[in-house]
Amino acid sequence: MAAPGPGEYFSVGSHVSCLTCLGQRLQGEVVAFDYQSKMLTLKCASSSGKPNLNDVILINLAYVSDVDIINDRTETPPPLASLNVSKLANRARSEKEDKLSQAYAISAGVSVEGQQLFQTIHKTIKDCKWQEKNIIVMDDVVISPPYQVENCKGKEGSALSHVRKIVSTLNGFKYNYTFHTRGTRLKPHSINNNNEKLKNDLWDQFHFYTKYILLIYFNLGKITQELYL
């Protein structure tokens, strides 16, 4: 069947199969459906193969050529699980700040090494920000280009020592060497430094999070109620 027309809905709990315009077949259980945006959310078997996990897929029906209802659920679905809205809002805000921070670094011309160092530090120390091309950690430590141990400046103490250790460890893992085997020189693959493409990818991810993930988290109850009005 085609995508739903006026007044038609997908029932929560139904199993459907969708064929995208790219020829990909997606099948799963309907979790939510927003009629205005034509966004269908399916719960599918986990791509990792773990039985206790599921993949949740958001499908824009404007890009679907065919939809088949495998099993139409007519009874009222079970009540929705309670959501910690405050926790979800904080998570969404954190994701937004991370994407904006990465986009800022790219637009400021920060090197790939600087971006990698910032992300590594930010995993354990959230109080980490950019000041032009410098990384500011807890307002106590400044790391300037080219982001080596000797470029870490600040008041001597545990914070500076910890940051220097992170920088030293990260630099130790870099593939900055060549080696020889049977007379043939081998070099590791170079890092993709196409900043313009990376910047566009980050903005695409940012728009995806804000437009669709929040829609599902905060309007799931409203969508389900609309299905059974």
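The values are calculated or read from the model by the stated rules, or taken from the named source; none is laboratory data. Because the structure is a prediction, the values reported are computed rather than measured. Neighbour counts are summed over all protein chains in view; Cβ atoms, including those assigned to glycine, are modelled from backbone coordinates with ideal geometry.
Restricting attention to the stretch 12-29, and to residues there that are in contact with a helix residue (DSSP H, G or I) (Cβ under 9 Å, 6 or more places away or on another chain) and in a strand (DSSP E or B), which single residue is surrounded by the most Cβ atoms within 10 Å (Cβ to Cβ)?
Cys18
Name the residues in the stretch 108-166 that are within 22 Å of Asp98 (Cα to Cα), part of a helix (DSSP H, G or I) and of a type in the set (Val, Ile, Thr), would you?
Those that are within 22 Å of Asp98 (Cα to Cα), part of a helix (DSSP H, G or I) and of a type in the set (Val, Ile, Thr): Val112, Thr120, Ile121, Thr124, Val163, Ile166.
Would you mind telling me which numbered condition in (1) polar (S, T, N, Q); (2) at pLDDT below 90; (3) assigned to a strand (DSSP E or B); (4) under 21 Å from the mean Cα position of the chain (by Cα) Thr41 fails?
(2)
May I ask you to list pairs of residues, at least six apart or on different chains, whose Cβ atoms are under 6 Å apart, with the first in the stretch 53-73 being exposed (fewer than 14 other Cβ atoms within 10 Å of the Cβ) and the second being in a strand (DSSP E or B) and of a type in the set (Gly, Ala, Ser)?
Qualifying pairs under 6 Å: Asp68/Ser17; Ile70/Ser17.
Name the residue, out of Gly114, Gly109, that is out of contact with any Leu (no Cβ under 8 Å at 6 or more places or on another chain) and surrounded by 16 or more Cβ atoms within 10 Å (Cβ to Cβ).
Working: Gly109 fails: surrounded by 16 or more Cβ atoms within 10 Å (Cβ to Cβ).
Testing whether each residue is out of contact with any Leu (no Cβ under 8 Å at 6 or more places or on another chain) and surrounded by 16 or more Cβ atoms within 10 Å (Cβ to Cβ) leaves just Gly114.
Run Thr74 past the list (1) within 28 Å of the chain's Cα centre (by Cα); (2) assigned to a loop (DSSP other than H, G, I, E, B) and report the number of the one that doesn't hold.
(1)
Looking at the structure I just gave you, is Ile59 part of a strand (DSSP E or B) and either touching a Ser or Thr at 6+ places or on another chain (Cβ under 8 Å) or closer than 30 Å to Gln131 by Cβ (or both)?
So Ile59 fits the description; yes.
Which pairs do you get when a residue that is closer than 18 Å to Gln148 by Cβ, found in the stretch 109-137, comes within reach of a residue that is part of a strand (DSSP E or B) and of a type in the set (D, E, K, R), reach meaning Cβ atoms under 8 angstrom, with the pair 6+ apart or on two chains?
Sorted first by the residue in the stretch 109-137, then by its partner, the pairs are Ile135/Lys129; Ile136/Lys129.
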